[in-house]
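Below is one structure, written out as structure tokens; the observations come after it.
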Amino acid sequence: MENNIFKFATKELSQDAFLAWLINWLNIKENNENKAIRKCANNFLKKILENNEKWKNLLEENEIDIQGIEVQFFSIDVLILLKNKKSDEYLAIIIEDKVNTSEHDAQIEYYKYNLYENLKKERKYKNNIQKEKLEILTVYYKPYDECNIEEKNVDYIFSRKTIIETFKNYNEVRQEYFKQYME
């Protein structure tokens, strides 16, 4: 009998945790054991940024610091907060993760509208970010049931096909959670 954690953890929170875990590998110093997963995490982030030349170039030039990775941040499924190393500019990536459901009540617009004020409520962010230096990028993440993806007012849509294409070439990744997620 196979023992895959994602066969048991089938809800959005499990997937949110996986996405946060994956991106967090970029905060871990590279070594031989984690080189492949870091490369995968970088590729995932690059895919999200592919239509934003400024931040994509900063990523490629290693000029981005990850300031925060949050799960369920004021109901945002996953929030990734990036900082330009050369300036006080920030990019907030809002990932709306959908498992067996679709967007409701204009969630993404609500999150964008309230993000700055919600960041100011958090001690670790409140004194660092100026509203005029905060850019927001939105992502709709739908690993299956993608026939229910309507045209979304987001910057990037991760469908099942895109997810598989983004992760499929990382067979050398040793971390078990990644392997199980791909299954």
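Given R₀ = 22 Å, what would the calculated FRET efficiency be for residue 106 paired with residue 162, taking r from the Cβ atoms and rounding to 0.05?
On the way: r = 23 Å, r/R0 = 1.07.
After rounding, the FRET efficiency stands at 0.40.
Per-residue surface analysis assigns residue 131 an accessible area of about 120 Å², computed on protein heavy atoms at 1.4 Å probe radius.
Once C-alpha pairs closer than 8 Å and six or more residues apart are averaged by separation and normalised to the residue number of the range 11-116, the relative contact order reads 21 percent.
Local charge sum around residue 170 (other residues, Cβ-Cβ under 12 Å, Lys/Arg +1, Asp/Glu -1)? Net local charge, residue 170 excluded: +4. Only Cα sites of the range 54-94 enter the Debye sum here, all with the same form factor; the resulting log10 I(q)/I(0) across q = 0.27, 0.33 1/Å is -0.86, -1.07, listed in q order. Hey, if you drop one equal point scatterer on each alpha-carbon of the range 22-107 and run the Debye formula without solvent, what base-10 log of I(q)/I(0) do you get at q = 0.13, 0.22 Å⁻¹? Taking Cα atoms of the range 22-107 as identical point scatterers yields -0.47, -1.15.
The values are calculated or read from the model by the stated rules, or taken from the named source; none is laboratory data. From a predicted model like this one, the values you see are computed outputs, not experimental measurements. Every residue, glycine among them, receives a Cβ derived from its backbone with ideal geometry; neighbour counts consider all protein chains shown. Note: areas computed on protein heavy atoms with side chains; ligands, DNA, RNA excluded. Shrake-Rupley method; radii C 1.70, N 1.55, O 1.52, S 1.80 Å.
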